[in-house]
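Chemist: Take this structure, written in structure tokens, and hold onto it; I'll ask about it next.
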Amino acid sequence: MAVTFPVEQALLPRIWQWLRTNTMSIIVIGLVIFLVFVPISRLLISSFQLGHPAFPDGWTLSNYESAFTAENFYITLARTFWIAAVGTVISLALAVLLAFLVERTDMPFRNLAWVMILIPMAIPGILFAMGWNLLLAPKSGAVNVFLRDVLSMVGGSPGDQGPVNLYSVGGLIFLDGIRGVTTIFLMVVGSFRMMDPTLEEAARVSKASRITTFFKVTLPALSPAILAAGMYSFILSMESFEAALAVGLPGGVFVLSTLIYFTTRVQPPPDYGLGAVFGVIFMAIMILLLILYRRAVNHAERFSTITGKGFRPRIISIGKWRYPAFFLFLAYFVIAVVLPFAILAWVALLPSYRPPSLDVLHLLTFKNFAAVFQDPAIWKVLWNTLVLMLITATVTMLLAFFVSWMIVRGHGKGKTALDILVFVPLAVPGIVIAMALMIAYLSPPLNYLRIYGTIWILVVGLAVTYLPFCTRLMNAAIVQIHKDLEHAAQVSGAKLFRTLVVVTLPLLMPAFIAGWIWVAVHSLRAFAIPLMLAGRNNQVFAVLLWEYWEKSMPVACAMGVLLILALIPLTLLLRKFISQINRQQ
Amino acid sequence: MEITVTNLTKNFSSMDGEGKFAALSDVSFKIKQGQFYTLLGPSGCGKSTTLRCIAGLEDPDDGEIRLGDQLVAARGMSMPPNERPIGMVFQSYAIWPHMTVFNNVAFPLKHGRQRVSKAERTRRVMEVLSLMQMEHLAHRPAPYLSGGQQQRVALARALVSSSEVLLLDEPLSNLDAKLREDLRAEIKDLTRKLGVTAIYVTHDQLEALAMSDRIAVMHGGKIVQEAAPRELYLNPKTSFVAQFIGQINFFDGQIVETQNSNLGAVETAHGTWRCSVPSTLSKGQKVQVAVRPEAFRVSPSAEGTVNNTLEGKVEKSVFLGEAIECFIRSAGKMITAKVSATKDVIDGQSIFLRFSPEACLLLPAESN
């Protein structure tokens, strides 16, 4: 509805009338501005301030100066790019190959292969990195110990380190590369399925061989989709924090996200000004990347080889390569899930860390699992985690619903502004959002809200991060609902807000629930934001786990095992819901 | 409740985003209490926009709308739809699929402005459902209804709160022909019985003629003629209205003679005809002679008649049951005539068409 008021009335009643008719819009827009705009602008301001953000000592450019003159800044920046780029290339190649195998060839056990691709989603990045840390740490890593034994058996002298060093750029590339596969796979597999088979058939009857057809027709036709998926994955890798924390920090291999964490949370005293500068630069880079990404996606949409007719494309017979192809899946599954999970489980069952061997089998114990529940803090932490999960999912989805409704049904400039405002957080790495919130809620005027150090600041942080995804989901769902259904409620006398709650929301319940579960799962495994904003009273499971990792590794592993076991069914449930919605649309 | 629309104007920005086009310009009309009023016109003529402005689903750029004594829309002011005393039926039915029939109909009494107690609600919902002979479907989920049943539910929902104004936006256009006729009669009877003022939007002239007390024909965002159905059919003011309300043949001509008795002579390519000349037209003026297909009588020869005649050759004839539709070429022009089914008409045959001076209409030529 347009902004409207009676002509004949005086100014004050007019303002009152305007407020009354637009209450919902005002609250929703206000909330979005409060959540997204305020912390980010506070971050910008802090980057120009001296001293602690709560007690600034005036304006300065010195933060920028010290960032740009610090040698390690440029190296870190280059390293971040390099790790993300090479990691993305690896995951892209692997994901495209796997998608091709599962959709277009007669590889055996294709359903099993699907499950093996999806399970890694249930393993939080931090646990994946911890698992590989236990396997490949230069000194004590299980695989390294094993390799050294083999080497000395054949007469070498391997020393007490290596041969593989995970605490390196190569190590981070390896972890990023493996982690990126699932995302890209899910983004491109649909295009492989929906591609018009007549394109390939036309090439085949034009006398092109099967290999030529694949490289000259199939891949080019899919290249926009592949490119878009690659760029998206690249953006995610740029922001990745968990691996860089668990593996990079011990080796002194910093990337931008860990540099921010180090500057504001680890080094004494924290330098908020410098951290803010890093955050601003990080944000600027990501916005640039995101603009490029949107261009690529728009281009991809124009390039419409994918007709959505839903035919089954021709299956290519790969003959004797059928089983090796399946073994590729198996190998990926072992690296992405089995090995890290196995070592976590192994360590969780030992009183203290030992590399796997038969000699220590008699030491196996469930003591660590018991220890998890004997920690006096655990119940508070579990409660926090549960509350965070429920509140974040509900708040984020409700906000996304109202925002999306205004975006889809609204008109004019306000709609575009709102659309951009909720899209922006996609360009802000979790670690930067966390820092922005930290600065914003530690200093006036927002410190009077007293939510710093409570569960609420985590809700705010996570809601901001998940808002872009949830509004996209809700946009797509609201477009499906005929406007007349809402208009009918309004001409029946229902107010706009009531119409939305009684008519629109129930109609898009399936999408709403899917989004709710998505947020719940993600907030259960969220790590960067809860860690960055952790205080005495708002610790969640993942943060407590990290604390244990630094003081009692086996207990941390036990917690990790429990977390993964809780996440696997939730993840599969989520997949089921989302695919149901896709089928409905 | 009386409805008064004055100088209603509404602009839409065009699809390419450049410039605006006028969806409504200066639309004014007045509807009396209890009248069944139809806005008729081709798609894009502004009839739905007018209705949606009255409902409050669109805000007019200029002009006023009054429901009874209450001003509901004026320049820069628009009362939200939920505060207006209206009920509305949509082309798409807009039945909420997540509710039962009962809950759909009960909605205005439960969530609307005048909420009533649960018992009262049940009583009124069942009352209006029984009016539609749908009590037995009350607890069926809405998606399990046929199109006709859904539209009845929509009607029940629009009537349940006893709003004095009923707005109907092409409510029958998604239904099949037989059902359409049944519901047409039902809607008309109901509105009469309940005494509500109804505004009906349609592009179907038959529907409009059959149901309305008054019809406003709209074209290009304007009302081109407003009249009772019979008047509109017999005495269209412009060739657009003549064409839109039923089939009609046009012949270019010039008035060559006017007499006191109003019966003048018009010269056309097909001969000189006697027609009644309205006082607004004068001798020497270029005109169009409009003749409805059913006004023609067929005769084998031109003699023995004072009526106007027209000679032609039957190119094609279609047997429609109650009549034969003939396409006749005369002086290079194709003419449509409807003749009695008992006549023998053979393709290729030369025939004479006769029509009385009272059966033809003169319209000024520039009105097209």
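Chemist: Hey, among the residues in segment B:80-123 that are of a type in the set (A, V, I, L, M) and in contact with a strand residue (DSSP E or B) (Cβ under 7 Å, 6 or more places away or on another chain), which one's nearest to the other protein chains (Cβ to nearest Cβ)?
Modeler: This residue is B:MET88.
Chemist: Follow-up question, since we're still on this one. Output yes when any residue across segment B:83-94 is in contact (Cβ under 8 Å) with a residue 24 or more places away in the chain, assigned by TED's automatic domain parsing to the domain that holds B:ARG152 and over 29 Å from the mean Cα position of the chain (by Cα), and no when none is.
Modeler: Within segment B:83-94 (the criterion being in contact (Cβ under 8 Å) with a residue 24 or more places away in the chain, assigned by TED's automatic domain parsing to the domain that holds B:ARG152 and over 29 Å from the mean Cα position of the chain (by Cα)), the answer is no, since none of the residues qualifies.
Chemist: Kindly indicate whether any position in segment A:30-49 is touching a strand residue (DSSP E or B) at 6+ places or on another chain (Cβ under 8 Å), charged (D, E, K, R) and more than 23 Å from A:SER404 (Cα to Cα).
Modeler: No: segment A:30-49 contains no residue that is touching a strand residue (DSSP E or B) at 6+ places or on another chain (Cβ under 8 Å), charged (D, E, K, R) and more than 23 Å from A:SER404 (Cα to Cα).
Chemist: Scanning for something surrounded by fewer than 19 Cβ atoms within 10 Å (Cβ to Cβ) and in a loop (DSSP other than H, G, I, E, B), does segment A:89-102 turn up at least one residue?
Modeler: No, the conditions are met nowhere in segment A:89-102.
Chemist: Collect the residues in segment B:139-174 that are within 13 Å of chain A (Cβ to nearest Cβ), part of a loop (DSSP other than H, G, I, E, B) and of a type in the set (A, V, I, L, M), keeping them in residue-number order.
Modeler: Hit for segment B:139-174 is B:VAL160, nothing else.
Chemist: Any residue that is buried (at least 19 other Cβ atoms within 10 Å of the Cβ) and in a strand (DSSP E or B) - is there at least one of those in segment B:233-247?
Modeler: Among the residues of segment B:233-247, not one is buried (at least 19 other Cβ atoms within 10 Å of the Cβ) and in a strand (DSSP E or B), which makes the answer no.
Chemist: Looking at A:VAL372, A:VAL387, A:VAL424 in this structure, which one is at pLDDT below 90, more than 20 Å from A:PHE37 (Cβ to Cβ) and part of a helix (DSSP H, G or I)?
Modeler: Being at pLDDT below 90, more than 20 Å from A:PHE37 (Cβ to Cβ) and part of a helix (DSSP H, G or I) holds for just one of A:VAL372, A:VAL387, A:VAL424, which is A:VAL372.
Chemist: Next question. Name the residues in segment B:27-74 that are small (Gly, Ala, Ser), touching a helix residue (DSSP H, G or I) at 6+ places or on another chain (Cβ under 6 Å) and away from every other protein chain (no Cβ under 14 Å), would you?
Modeler: B:GLY41
Chemist: Of all residues in segment A:496-507, how many are within 7 Å of another protein chain (Cβ to nearest Cβ) and either within 17 Å of B:GLY87 (Cβ to Cβ) or more than 37 Å from the chain's Cα centre (by Cα) (or both)?
Modeler: Number satisfying all stated conditions: 1.
Chemist: Just for segment A:339-359: of the residues that are within 25 Å of A:LEU545 (Cα to Cα) and exposed (fewer than 15 other Cβ atoms within 10 Å of the Cβ), which one is modelled with the highest pLDDT?
Modeler: Within segment A:339-359, the match that is modelled with the highest pLDDT is A:PRO351.
Chemist: Just one of B:VAL27, B:VAL72 is among the aliphatic types (A, V, I, L, M), in the same structural domain as B:ILE223 (by TED's automatic domain parsing), buried (at least 21 other Cβ atoms within 10 Å of the Cβ) and free of Cβ contacts under 8 Å to residues at least 60 places away in the same chain; which is it?
Modeler: B:VAL72
Chemist: Go through (1) surrounded by fewer than 17 Cβ atoms within 10 Å (Cβ to Cβ); (2) in contact (Cβ under 8 Å) with a residue 12 or more places away in the chain one by one and return the number of the condition B:ARG354 breaks.
Modeler: Exception for B:ARG354: condition (1).
Chemist: Looking only at segment A:77-94, count every residue that is closer than 15 Å to A:VAL280 by Cα and not hydrophobic (A, V, I, L, M, F, W, C) and tell me the total.
Modeler: Qualifying residue count for the region: 0.
Chemist: Separate question: Can you tell me which residue within segment A:42-71, out of those that are among the polar types (S, T, N, Q) and farther than 12 Å from A:GLY279 by Cβ, is surrounded by the fewest Cβ atoms within 10 Å (Cβ to Cβ)?
Modeler: A:THR69
Chemist: Could you look through segment A:441-495, keep only residues that are more than 10 Å from every other protein chain (Cβ to nearest Cβ) and among the charged types (D, E, K, R), and pick out the one that is surrounded by the most Cβ atoms within 10 Å (Cβ to Cβ)?
Modeler: A:ARG472
Chemist: Could you name every one of the helices (runs of 4 or more DSSP H) located completely within segment A:142-215 that has at least 2 residues being under 39 Å from the mean Cα position of the chain (by Cα) and aromatic (Phe, Trp, Tyr)?
Modeler: By residue number, A:169-194.
Chemist: Would you be able to say whether some residue in segment A:542-551 is within 14 Å of chain B (Cβ to nearest Cβ) and either outside any helix (DSSP H, G or I) or free of Cβ contacts under 8 Å to residues at least 24 places away in the same chain (or both)?
Modeler: no
Chemist: Turning to a different aspect of this structure: Take B:ALA290 and decide whether it is aliphatic (A, V, I, L, M), under 30 Å from B:VAL5 (Cβ atoms), in a strand (DSSP E or B) and touching a strand residue (DSSP E or B) at 6+ places or on another chain (Cβ under 9 Å).
Modeler: Yes: the conditions hold for B:ALA290.
Chemist: So B:MET77 passes all but one of these: (1) within 14 Å of chain A (Cβ to nearest Cβ); (2) touching a strand residue (DSSP E or B) at 6+ places or on another chain (Cβ under 6 Å). Which condition number does it fail?
Modeler: B:MET77 satisfies all of (1) within 14 Å of chain A (Cβ to nearest Cβ); (2) touching a strand residue (DSSP E or B) at 6+ places or on another chain (Cβ under 6 Å) except (2).
Chemist: Taking only pairs six or more apart or across chains, which ones have beta-carbon atoms under 9 Å, a first residue in segment A:161-178 that is assigned by TED's automatic domain parsing to the domain that holds A:VAL150, and a second residue that is of a type in the set (Lys, Arg)?
Modeler: A:GLN161/A:LYS139; A:GLN161/A:ARG148; A:GLY162/A:LYS139; A:GLY162/A:ARG148; A:PRO163/A:ARG148; A:VAL169/A:ARG79; A:LEU172/A:ARG79
Chemist: Just a yes or no: is a residue in segment B:124-138 more than 14 Å from chain A (Cβ to nearest Cβ) and basic (Lys, Arg)?
Modeler: Checking segment B:124-138: not a single residue is more than 14 Å from chain A (Cβ to nearest Cβ) and basic (Lys, Arg).
Chemist: Are any residues in segment A:240-286 among the acidic types (Asp, Glu) and either buried (at least 21 other Cβ atoms within 10 Å of the Cβ) or at pLDDT 85 or above (or both), and if so, which ones?
Modeler: Within segment A:240-286, just A:GLU242 meets the criteria.
Chemist: Could I ask something else about it? Yes or no: A:GLY560 surrounded by 22 or more Cβ atoms within 10 Å (Cβ to Cβ), within 14 Å of chain B (Cβ to nearest Cβ) and in contact with a helix residue (DSSP H, G or I) (Cβ under 7 Å, 6 or more places away or on another chain)?
Modeler: No: the conditions fail for A:GLY560.
Chemist: What's the total number of residues in segment A:46-72 that are hydrophobic (A, V, I, L, M, F, W, C), touching a residue at least 12 places away in the same chain (Cβ under 8 Å) and assigned to a helix (DSSP H, G or I)?
Modeler: 1
The values are calculated or read from the model by the stated rules, or taken from the named source; none is laboratory data. Just so it is clear, the structure is predicted and the values come from calculations on it, not from any experiment. So basically every Cβ, Gly included, is an ideal-geometry build from the backbone, and we count neighbours across all protein chains shown.
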